[in-house]
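Q: I am attaching a structure below and will ask some questions about it afterwards.
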Protein chains: 2
Amino acid sequence: VSENVDDTLVRVSREADLTDRVVASFATCPDPRLREVMSSLVRHLHGFIRDVRLTQAEWDAAIAFLTRAGHITDERRQEFILLSDVLGASMMTVAVNAPTRSDATEATVFGPFFVEGAPLISNGADIGAGMAGRPCYVHGTVRSATGYPLAGARVDVWAADDEGFYDVQYEGGPLAGRARLYTDDAGCFDYWTVEPAAYPIPHDGPVGDLLSATGRSPMRPAHIHFMVCHPEYRTLITHIFVDGDEWLDKDAVFGVKDSLVVPFSVHEPGRGPRGRVLREPWSSVSLDIALASDSPHV
Amino acid sequence: VSENVDDTLVRVSREADLTDRVVASFATCPDPRLREVMSSLVRHLHGFIRDVRLTQAEWDAAIAFLTRAGHITDERRQEFILLSDVLGASMMTVAVNAPTRSDATEATVFGPFFVEGAPLISNGADIGAGMAGRPCYVHGTVRSATGYPLAGARVDVWAADDEGFYDVQYEGGPLAGRARLYTDDAGCFDYWTVEPAAYPIPHDGPVGDLLSATGRSPMRPAHIHFMVCHPEYRTLITHIFVDGDEWLDKDAVFGVKDSLVVPFSVHEPGRGPRGRVLREPWSSVSLDIALASDSPHV
């Protein structure tokens with residue numbers, strides 16, 4: 001249906017006026033940052049609704065989608081993080097907080113599978129006991145971006161097993177494949193686990209339905225999560241990805257960066273690091289983590 | 001921290017590239033409308049994150065907010081509709097679906113308090129039994145925008161009581177103040193209820209916390225909800241507002257339109273419509289509802 005010029009002007013002005021009134025409702029917000037965030041959110045949200053001429057049925061579908069996402073979310077499942085991830089909102093948040101140029105290790109998505117209360121382990125321990133997959137020895141160093149080794153850095157690690165599942169996805173299962181450890185005096189940490197596999201993000205909920213309806217794959221390339229904290233440096237949330245994985249260029253959550261793809265070496269059965277004797281092939285990976293200084297944009 | 005021009009260009013290009021990659025992930029979406037909606041959603045969502053330089057802590061807060069909203073939502077409480085309402089997203093959806101010029105009754109927000117299964121009543125029945133508030137007689141007509149009376153139009157009504165609460169807000173209480181009825185051969189409907197009061201939207205959840213943090217009031221002016229359906233006309237979702245209400249110009253959900261504000265007349269005790277004898281003052285209101293034809297933009 002075509003519209004004459006006068007009607008178009010009336011419509012555009014009426015819609016802009018509504019947006020202005022909603023933004024104005026935040027004018028007396030006592031927190032200037034919250035006012036800025038809410039005003040921008042309203043302008044972009046209204047802009048989206050105007051641009052696509054959202055129908056009432058689509059609005060209903062959006063409310064139902066968010067409701068389902070809320071109801072499937074619990075201590076072991078976080079559908080809103082998945083949603084943010086598959087829309088690239090998580091990676092955009094990472095991007096706007098990253099320094100433009102830096103010698104520090106790059107960040108990527110946090111993901112929905114971190115849980116508080118992972119076991120505190122000593123270096124060299126095995127966190128892969130009982131998990132499906134090839135034994136894998138992980139050795140890393142943590143240093144400043146200027147090259148200074150960092151002792152006592154806290155390292156949280158978590159990863160899926162060879163089936164592509166995290167511990168928390170097994171009903172009633174024990175925590176596994178995740179731990180907290182600290183770097184030694186040389187800035188090193190090491191542990192045994194199992195080599196992670198590529199996996200689909202949980203796709204039996206509304207986010208999975210969205211991916212399916214839009215013809216997108218839920219697969220993520222194999223990776224291990226790291227969160228590294230030191231009081232004098234910026235906390236780093238990142239992954240390492242297994243070099244050669246077929247999903248590296250089509251990660252469902254847009255988390256891959258070239259610098260984070262590292263080779264995993266495969267070894268014959270025999271004696272491995274930390275005196276472990278292996279009756280099956282095993283793999284190892286080394287990584288070098290560099291933390292930026294604590295100032296947000298340096 | 002200032003940034004040189006080269007760094008700015010790198011940053012802007014890196015962020016734009018991420019948005020383009022996410023939009024491209026929807027390129028093979030089999031449904032063209034869904035592709036359009038998702039692409040626009042991603043561009044606006046990313047634009048918001050870029051414009052405000054969203055911090056990781058703010059992203060965490062957003063995920064926690066949505067999680068709380070999901071967990072408080074059940075069959076009687078719909079926090080996502082409240083959120084859409086207080087951000088003006090509901091009214092923007094109404095606006096983009098409204099004809100620019102029309103003789104039809106204007107629409108407003110649906111709100112979170114409609115429930116399926118309201119009692120089917122005959123014209124003249126009382127749906128205010130047991131509710132707090134002054135008895136109120138509602139008489140309406142339903143016609144086409146061209147003035148033709150519409151028999152057999154389905155009219156759903158729901159409203160708060162004199163305390164500002166809907167039936168579903170009383171734990172375990174019966175349905176009250178809501179009904180479904182049909183217009184008679186002259187296009188008329190009528191029923192007894194109680195006069196609604198201004199009220200705060202439910203503000204003991206995350207949306208209430210948002211209003212509080214931003215210095216906004218949760219109040220809505222007194223109103224009665226109507227949803228009117230007829231097979232040959234556009235479904236109308238609207239309210240009438242009580243003329244003189246002090247909150248008319250500061251509705252928390254931006255739902256007021258001048259054409260929807262109507263006078264409620266107060267009467268002395270005595271005999272009222274439908275033979276009802278009243279021992280206390282009562283009020284009455286008349287409304288004239290005009291439905292647009294079923295074509296979306298006529």
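What follows is calculated from the coordinates using simple rules that are stated; it is not laboratory data. Note that the coordinates shown come from a computational prediction; the quantities given were computed from them, not determined experimentally. Glycine also receives a Cβ, built like all others from the backbone with ideal geometry; neighbour counts cover every protein chain displayed.
Q: Per q in 0.09, 0.10 1/Å, what log10 I(q)/I(0) does a Debye calculation on the alpha-carbon atoms of the protein assembly as shown return?
A: These q points yield log10 I(q)/I(0) values of -0.80, -0.93.
Q: GNM on chain B, C-alpha springs below 10 Å: top fluctuator among B:ALA179, B:ALA159, B:ALA145?
A: Answer for the Gaussian network model of chain B: B:ALA145.
Q: Who wins for biggest fluctuation among B:VAL266, B:VAL157, B:VAL256 in a Gaussian network model of chain B, springs between alpha carbons below 10 Å?
A: Maximum among the listed residues: B:VAL266.
Q: Can you give the helix-only mean residue ellipticity at 222 nm for chain B, where every DSSP H stretch with n ≥ 4 adds -39500 (n - 2.57) and the sum goes over all residues, rounded to the nearest 500 deg cm²/dmol?
A: Result for chain B: -9000 deg cm²/dmol, rounded to the nearest 500.
Q: Please compute the average number of Cβ atoms from other chains found within 10 Å of each residue's Cβ in peptide A:34-40.
A: Mean inter-chain Cβ contacts per residue within 10 Å come to 5.
Q: Among B:56-69, A:75-88, how do they line up from the highest to the lowest mean number of other beta-carbon atoms within 10 Å?
A: A:75-88, B:56-69
Q: In terms of modelled amide H atoms, which long-range or inter-chain residues lie less than 5 Å from the amide H of B:SER144?
A: The list, which skips near neighbours in sequence, is B:LEU150, B:LEU291.
Q: Where is the GNM fluctuation largest for chain A (alpha-carbon springs, 10 angstrom cutoff): A:ASP17, A:ASP74, A:ASP156?
A: A:ASP17
Q: If one computes the Cα centroid of segment B:201-268 and of segment A:246-270, what distance in Å separates the two points?
A: A separation of 55 Å, based on Cα centres.
Q: Arranged by the count of other C-beta atoms within 10 angstrom, fewest first, what order do B:ARG21, B:ARG271 take?
A: In increasing order of surrounding Cβ atoms, one gets B:ARG271, B:ARG21.
Q: What list of ³J(HN,Hα) values in whole Hz, one per residue of segment B:142-152 in order, does the Karplus curve 6.51 cos²θ - 1.76 cosθ + 1.60 (θ = phi - 60°) give from phi, with Gly and Pro shown as x?
A: Per-residue couplings from phi come out as 10, 9, 6, 4, 8, x, 7, x, 10, 7, x Hz.
Q: Placing the label point 7 Å from Cα along the Cα-to-Cβ direction, what are the distances from B:GLY244 to the equivalent spots in the other copies, shortest first, in nm to one decimal?
A: Nearest first, the other copies' label points are 8.2 nm away.
Q: Could you please state, rounded to a whole Å, how far the C-alpha centre of segment B:104-183 is from the C-alpha centre of segment A:130-152?
A: Rounded to whole Å, the Cα centres lie 65 Å apart.
Q: Ok, one more. As a check on your reading of the symmetry: which chain A residue has its Cβ nearest the axis that brings A onto B, and how far is it in Å?
A: Residue plus distance in Å, as requested: A:GLY70, 1.
Q: Report ³J(HN,Hα) in whole Hz for each residue of segment B:265-278, in order, from the Karplus equation J = 6.51 cos²θ - 1.76 cosθ + 1.60 where θ = phi - 60°; Gly and Pro get x.
A: 8, 9, 10, 6, x, x, 7, x, x, 6, x, 6, 9, 10
Q: Can you list the copy-to-copy distances for B:PRO269, using a point 7 angstrom from Cα toward Cβ, in nanometres, shortest first?
A: The answer, with the shortest distance listed first, is 9.8 nm.
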